Amino acid sequence: MRVCAQQQQTGPPDDTTAPPPMVVLGVTGGIAMGKSSVVRHLREAFGAAVHDADAAVHRLYGPGGAAVAPVAAAFGDAVLSKDDDVVSPQDDDDTTRSCIDRASLARALQAAGDRAAAFAKLEAIVHPLVSRDRDDFLAEARRNGEWLAVVDIPLLYETIPDVRAAGIDYVATVTCGAAEQRRRALCRPGMTAEKLDAIMGRQLEDADRQARSDFVVDTSHDDLAASKAQVAAIVETLYERHVRADGRGGVAQSAAAAAASHGVVRVVSLDLDDTVWPAGPPLLRARQKSEELLPQLMPRTAEALDGADPYKGFFGPGAAAGSSSEQLLAHDITARRRQRLRSLAAQHGDSLEAADQVLEGIVEERSRATEDHVLDAALDLVEALKARHHNGSTTTRSRIRVGALTNGNAARGGRLGAAVDFWITAADVGAQKPRLAAFLAVAAQAGLDASGLRHVVHVGDSVTDDVLGALEAGARAVLVPRPRVAPDTAAAADTASWVSTPVPSVDTSLLADVDPDRWAAVASLSEIPAVIDRWEQAGARATPREDDDDGEAVDAAAA
């Protein structure tokens, strides 16, 4: 990823609880470059409001669309068709039923004596309409308090001479290299080399797009996890420039500012491994499943390893600090394990499909094992929090939302999975805690805007990943110290032994300068509701109670 844009300097706002100014990110790229997957990740992981230029054209060409009449006038009624599923107020009213038949329009363009002039005529009709549709979308997004809006425009530089004047603050170009682009495109149904060349002939050269863009996302990697990592980094950059620049969030927040901007708790996110269940037993079960499946599905690899650990040196501190490609997978344990198993399969003559089957079995077993070891206290905590309402109120439906935020790869399931409102893994985000992106994903899944992190409380066992990560993001945190046990000990295999293992002294010196009203340490999960009570009471004394309607809107968005 590359950052070229200059940071916009803004002074601190008068009201840090107001929504931050909206930032508009344009996403572009040639055919089959992977643009759709990038936009999908922005929408699904970070809650970005997305305007799709192709979807806008479909609406404009559809029944009653603004482009239907002028396109028919320019290219003849042969490009029209009727949508029989559209019921007109008048049976003989063809106006609202007529739409553009894209195949007929394509034939008309190809048959034109001067194809370039024909395409220019069509673009002169359609592009202003798409631009107007996009402007309306952005205006609505601002009214809705969105902090990040994405405009998905395949021909961005070809159709918008001045992107800043068009209200687009930054542009991300999605690329994958010419050879990979061509391979992907020709795999599409109905695509031919001639048709692909015609499409690419109307698109800007990829190098030119990249040179003019603020960010570049390379999707040529074998695993989608690499693209997600690049997107997460872009989101963090935009947040730092447009939200942090307004004075919101961060560890170094005064007690007065914390009390004024926090108070109401709307979301609680829970770390999983070594917080709501011991990490040892599920990981041990996963290792045993790996030892069982390798000889069955990857016999050549198993024979070559001769009992050696296939992942030795591949996990642990610094293990992913290799090539840039490996670093882009560092957040995703499953992707890294897939990379290792596929590498071994290729090296020793087993199939890649077999490697994927081994991985699937490992992840399933690891996830299944968590159900056997989840703490009853964790389930009780989720139930107690979901029964609460903002500021303790029971007169509205604005209850606290509770979910999981984990650096691990346990799939949602079992009693805990059924109880929580959301379940976010590092693989879902493209980044691990303590990265900002992880906590922005929590806010998005809970239906909060970027300023809403002040209403988030994160619970976990790590001072750095959980507590400092949450505080730096602008949330609050609860530390639950847990025992650290060797993987081959009885405490690692048995939950009761783990729970009874003495907890060593925790070094909280990194939190010495942090406002104590923004974090707390507890000996058990059962103490957390009392901590939240204390924070909400402090916030209620510092500020007038927030309007319950706001919380109801959050619930509706997150439902």
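The values are calculated or read from the model by the stated rules, or taken from the named source; none is laboratory data. Here the structure is a predicted model, which means the values were calculated and not measured. Positions of Cβ are generated from backbone atoms using ideal geometry, with glycine treated the same way; all protein chains shown enter the neighbour counts. Side chains are part of the model used for accessible areas, which takes the heavy atoms of the whole protein and leaves out ligands, DNA and RNA. Shrake-Rupley method; radii C 1.70, N 1.55, O 1.52, S 1.80 Å.
Under 5 Å between amide hydrogens, built in the peptide plane, is the criterion, and for Val171 it picks out Gly26, Asp214, Phe215 among residues at least 5 positions away or on other chains. Reducing the range 97-140 and the range 26-43 to their Cα centroids gives an inter-centroid distance of 21 Å. Under 5 Å between amide hydrogens, built in the peptide plane, is the criterion, and for His458 it picks out Ser269, Arg476, Ala477, Val478 among residues at least 5 positions away or on other chains. Think of a 1.4 Å ball rolled over the protein heavy atoms: the range 106-147 then has 60 Å² of accessible area per residue. By accessible area, using a 1.4 Å probe on protein heavy atoms only, the range 132-237 has 49% of its surface on carbon and sulfur. Here the calculated FRET efficiency for Gln347 and Asp372, from their Cβ-Cβ distance with R0 = 41 Å, stands at 0.75, rounded to the nearest 0.05. With θ taken as phi - 60° and the Karplus curve 6.51 cos²θ - 1.76 cosθ + 1.60 applied, the whole-hertz 3J(HN,Hα) list for the range 118-127 is 5, 5, 5, 5, 5, 5, 5, 7, 7, 4 Hz, x standing for glycine and proline. In this structure, the residue pairs whose Cα-Cα separation is over 25 Å, taken from Lys82/Lys121; Lys82/Lys195; Lys121/Lys195; Lys228/Lys433; Lys35/Lys289, are Lys82/Lys195; Lys35/Lys289.
Each residue, Leu186 and Glu158, gets one label point 7 Å from its Cα in the Cβ direction; the gap between the two is 2.1 nm.
The 3J(HN,Hα) values that the Karplus relation (6.51, -1.76, 1.60; θ = phi - 60°) gives for the range 168-176 are, in residue order, 9, 7, 9, 10, 10, 9, 9, 9, 8 Hz. Gly and Pro appear as x. Between Ala48 and Arg43, the built amide H atoms are under 5 Å apart, and every one of these is 5 or more places off in sequence or on another chain. Applied to the range 445-453, the Karplus parametrisation 6.51 cos²θ - 1.76 cosθ + 1.60 on θ = phi - 60° returns per-residue 3J(HN,Hα) values of 5, 8, x, 8, 7, 5, 6, x, 4 Hz, with x for Gly and Pro.
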